[in-house]
1. Looking at the structure I just gave you, is Leu167 surrounded by 22 or more Cβ atoms within 10 Å (Cβ to Cβ), of a type in the set (A, V, I, L, M, F, W, C) and assigned by TED's automatic domain parsing to the domain that holds Val92?
2. From (1) under 30 Å from Tyr145 (Cβ atoms); (2) in a loop (DSSP other than H, G, I, E, B), pick out the condition that doesn't hold for His25.
3. Could you check the stretch 17-30 and list, in sequence order, the residues that are surrounded by fewer than 14 Cβ atoms within 10 Å (Cβ to Cβ) and either out of contact with any strand residue (DSSP E or B) (no Cβ under 8 Å at 6 or more places or on another chain) or under 14 Å from Met60 (Cα atoms) (or both)?
4. Looking at the structure I just gave you, is Ile52 β-branched (Val, Ile, Thr), touching a Leu at 6+ places or on another chain (Cβ under 7 Å) and more than 20 Å from Val181 (Cα to Cα)?
5. Return the residue satisfying two criteria in turn: it lies in the stretch 31-47 and is outside any strand (DSSP E or B) and not basic (Lys, Arg), and of such residues it is surrounded by the most Cβ atoms within 10 Å (Cβ to Cβ).
Amino acid sequence: MMKSITVEIDGVGPVFFKRSRRAKHLNISIRPFKGVRVAVPYNLSFKRAEKIVCSKVPWMQKHLKKMERVEQEHISFLNSSVNIDRVEAKKVLIKRLNELTKKHGFTYNKVFIRNQRTRLGSCSFKNNINLNMKLILLPDELIDYVILHELVHLKIKNHSKDFWKELDKFVGDAKALRSKVKEYQLGLI
(Lines give C-alpha, C1' and ligand atoms only; values in the text may rest on other atoms or scores of the structure.)
Protein backbone atom coordinates (compact mmCIF):
# COMPACT_ATOMS: atom_id res chain seq x y z
CA MET A 1 0.00 0.00 0.00
CA MET A 2 1.35 3.42 -0.99
CA LYS A 3 2.09 5.80 1.89
CA SER A 4 1.85 9.04 -0.08
CA ILE A 5 1.24 10.54 -3.52
CA THR A 6 1.24 13.99 -5.06
CA VAL A 7 -1.58 14.84 -7.47
CA GLU A 8 -1.87 17.90 -9.72
CA ILE A 9 -5.36 19.37 -9.25
CA ASP A 10 -6.68 21.96 -11.73
CA GLY A 11 -6.93 25.42 -10.20
CA VAL A 12 -4.94 24.38 -7.13
CA GLY A 13 -1.63 22.84 -8.24
CA PRO A 14 0.20 19.99 -6.55
CA VAL A 15 -1.60 18.39 -3.60
CA PHE A 16 0.29 16.04 -1.30
CA PHE A 17 -1.74 13.08 0.00
CA LYS A 18 -0.32 11.07 2.92
CA ARG A 19 -1.68 8.11 4.85
CA SER A 20 -2.16 8.83 8.53
CA ARG A 21 -2.87 6.40 11.35
CA ARG A 22 -4.08 9.31 13.49
CA ALA A 23 -6.57 10.65 10.93
CA LYS A 24 -10.11 9.49 11.54
CA HIS A 25 -11.42 11.63 8.70
CA LEU A 26 -9.86 13.17 5.61
CA ASN A 27 -8.10 16.36 6.67
CA ILE A 28 -7.03 19.10 4.25
CA SER A 29 -4.48 21.62 5.49
CA ILE A 30 -3.01 24.58 3.67
CA ARG A 31 0.13 26.10 5.15
CA PRO A 32 2.46 28.80 3.94
CA PHE A 33 5.44 27.55 2.01
CA LYS A 34 4.11 23.99 2.20
CA GLY A 35 0.95 24.19 0.10
CA VAL A 36 -1.94 21.75 0.27
CA ARG A 37 -1.50 18.56 2.29
CA VAL A 38 -4.13 15.91 2.85
CA ALA A 39 -4.09 13.41 5.72
CA VAL A 40 -5.84 10.28 4.49
CA PRO A 41 -7.17 7.69 6.95
CA TYR A 42 -6.32 4.07 6.16
CA ASN A 43 -9.96 3.18 5.52
CA LEU A 44 -10.12 5.60 2.55
CA SER A 45 -8.53 5.01 -0.86
CA PHE A 46 -6.36 7.69 -2.45
CA LYS A 47 -8.77 7.74 -5.42
CA ARG A 48 -11.75 8.50 -3.14
CA ALA A 49 -9.67 11.05 -1.21
CA GLU A 50 -8.80 12.82 -4.49
CA LYS A 51 -12.50 13.03 -5.43
CA ILE A 52 -13.34 14.59 -2.06
CA VAL A 53 -10.46 17.06 -2.38
CA CYS A 54 -11.56 18.00 -5.93
CA SER A 55 -14.97 18.95 -4.52
CA LYS A 56 -13.19 21.47 -2.26
CA VAL A 57 -11.35 23.40 -5.01
CA PRO A 58 -13.10 26.77 -4.37
CA TRP A 59 -12.35 26.51 -0.64
CA MET A 60 -8.71 25.63 -1.33
CA GLN A 61 -8.32 28.49 -3.84
CA LYS A 62 -9.63 30.97 -1.27
CA HIS A 63 -7.21 29.72 1.36
CA LEU A 64 -4.27 29.52 -1.05
CA LYS A 65 -4.75 33.22 -1.82
CA LYS A 66 -4.69 33.95 1.90
CA MET A 67 -1.52 31.86 2.29
CA GLU A 68 0.14 33.79 -0.56
CA ARG A 69 -0.53 37.03 1.33
CA VAL A 70 0.80 35.51 4.55
CA GLU A 71 3.93 34.30 2.73
CA GLN A 72 4.57 37.77 1.31
CA GLU A 73 3.95 39.51 4.64
CA HIS A 74 6.18 37.12 6.54
CA ILE A 75 9.06 36.67 4.11
CA SER A 76 11.24 39.27 5.82
CA PHE A 77 10.00 38.07 9.20
CA LEU A 78 11.10 34.54 8.30
CA ASN A 79 14.50 35.73 7.18
CA SER A 80 15.06 37.39 10.54
CA SER A 81 14.00 34.21 12.38
CA VAL A 82 17.01 32.34 11.00
CA ASN A 83 19.39 34.37 13.15
CA ILE A 84 17.89 33.86 16.61
CA ASP A 85 20.43 33.99 19.42
CA ARG A 86 19.33 30.94 21.42
CA VAL A 87 21.07 32.07 24.62
CA GLU A 88 19.53 35.54 24.46
CA ALA A 89 16.07 34.13 23.60
CA LYS A 90 16.27 31.78 26.59
CA LYS A 91 17.30 34.60 28.93
CA VAL A 92 14.54 36.97 27.75
CA LEU A 93 11.76 34.36 27.74
CA ILE A 94 12.61 32.92 31.16
CA LYS A 95 12.83 36.42 32.63
CA ARG A 96 9.39 37.31 31.25
CA LEU A 97 7.93 33.96 32.36
CA ASN A 98 9.17 34.57 35.90
CA GLU A 99 7.83 38.15 35.93
CA LEU A 100 4.36 36.99 34.85
CA THR A 101 4.47 34.03 37.23
CA LYS A 102 5.26 36.28 40.17
CA LYS A 103 2.78 38.99 39.15
CA HIS A 104 -0.14 36.56 38.83
CA GLY A 105 0.76 34.02 41.54
CA PHE A 106 1.46 30.97 39.37
CA THR A 107 3.90 28.19 40.24
CA TYR A 108 5.44 25.95 37.59
CA ASN A 109 7.85 23.03 37.93
CA LYS A 110 10.50 23.42 35.19
CA VAL A 111 10.88 25.50 32.05
CA PHE A 112 12.36 24.39 28.73
CA ILE A 113 13.18 26.71 25.81
CA ARG A 114 13.35 24.77 22.55
CA ASN A 115 13.33 25.29 18.82
CA GLN A 116 10.03 23.52 18.23
CA ARG A 117 8.52 22.88 14.82
CA THR A 118 4.84 22.67 15.70
CA ARG A 119 4.11 24.65 18.86
CA LEU A 120 4.91 28.00 20.38
CA GLY A 121 4.33 26.70 23.88
CA SER A 122 2.93 23.88 25.97
CA CYS A 123 2.31 22.89 29.58
CA SER A 124 2.78 19.28 30.69
CA PHE A 125 0.75 17.41 33.29
CA LYS A 126 3.83 17.70 35.53
CA ASN A 127 3.47 21.51 35.27
CA ASN A 128 6.56 21.92 33.12
CA ILE A 129 6.40 24.88 30.74
CA ASN A 130 7.84 24.54 27.22
CA LEU A 131 8.39 27.71 25.18
CA ASN A 132 9.53 27.98 21.59
CA MET A 133 12.61 30.19 21.24
CA LYS A 134 10.97 31.73 18.14
CA LEU A 135 8.55 33.51 20.50
CA ILE A 136 11.27 36.13 20.85
CA LEU A 137 10.32 37.37 17.35
CA LEU A 138 6.74 38.21 18.37
CA PRO A 139 5.57 41.57 19.71
CA ASP A 140 5.71 41.73 23.54
CA GLU A 141 1.91 41.58 23.85
CA LEU A 142 1.85 38.25 21.99
CA ILE A 143 4.80 36.81 23.91
CA ASP A 144 2.87 37.59 27.11
CA TYR A 145 -0.26 35.99 25.65
CA VAL A 146 1.54 32.71 24.86
CA ILE A 147 3.24 32.60 28.26
CA LEU A 148 0.01 33.37 30.12
CA HIS A 149 -1.82 30.80 28.00
CA GLU A 150 0.60 28.15 29.26
CA LEU A 151 0.47 29.44 32.83
CA VAL A 152 -3.33 29.17 32.87
CA HIS A 153 -2.88 25.54 31.80
CA LEU A 154 -1.23 24.99 35.18
CA LYS A 155 -4.74 25.37 36.63
CA ILE A 156 -6.93 24.19 33.74
CA LYS A 157 -5.42 21.45 31.55
CA ASN A 158 -7.80 21.83 28.62
CA HIS A 159 -9.30 24.49 26.32
CA SER A 160 -12.75 24.53 27.89
CA LYS A 161 -14.89 27.65 28.30
CA ASP A 162 -13.51 27.92 31.83
CA PHE A 163 -9.98 28.00 30.44
CA TRP A 164 -10.76 30.89 28.04
CA LYS A 165 -12.66 32.76 30.75
CA GLU A 166 -9.67 32.42 33.10
CA LEU A 167 -7.20 33.49 30.40
CA ASP A 168 -9.37 36.54 29.60
CA LYS A 169 -8.80 37.72 33.19
CA PHE A 170 -5.10 38.10 32.42
CA VAL A 171 -5.02 39.19 28.77
CA GLY A 172 -8.38 40.78 27.99
CA ASP A 173 -9.73 39.32 24.74
CA ALA A 174 -7.80 36.03 24.58
CA LYS A 175 -9.41 34.81 21.37
CA ALA A 176 -8.47 38.01 19.51
CA LEU A 177 -4.86 37.64 20.67
CA ARG A 178 -4.97 33.98 19.68
CA SER A 179 -5.88 35.03 16.12
CA LYS A 180 -2.95 37.45 16.00
CA VAL A 181 -0.59 34.74 17.23
CA LYS A 182 -1.90 32.34 14.58
CA GLU A 183 -1.04 34.84 11.83
CA TYR A 184 2.55 35.05 13.06
CA GLN A 185 2.69 31.33 13.81
CA LEU A 186 2.09 30.50 10.16
CA GLY A 187 5.39 32.13 9.33
CA LEU A 188 7.28 30.79 12.34
CA ILE A 189 6.66 27.06 12.41
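The values are calculated or read from the model by the stated rules, or taken from the named source; none is laboratory data. Since we're looking at a predicted model, the values are computed, not measured. Don't worry about glycine lacking a Cβ; one is built from the backbone with ideal geometry, like all the others, and counts go over all protein chains shown.
1. Judged against the criteria, Leu167 is a match.
2. Here His25 meets the rest and fails (1).
3. The answer is Arg21, Lys24, His25, Asn27, Ser29.
4. Considered against the rule, which asks whether it is β-branched (Val, Ile, Thr), touching a Leu at 6+ places or on another chain (Cβ under 7 Å) and more than 20 Å from Val181 (Cα to Cα), Ile52 comes out as yes.
5. Ranking the qualifying residues of the stretch 31-47, first place goes to Pro32.
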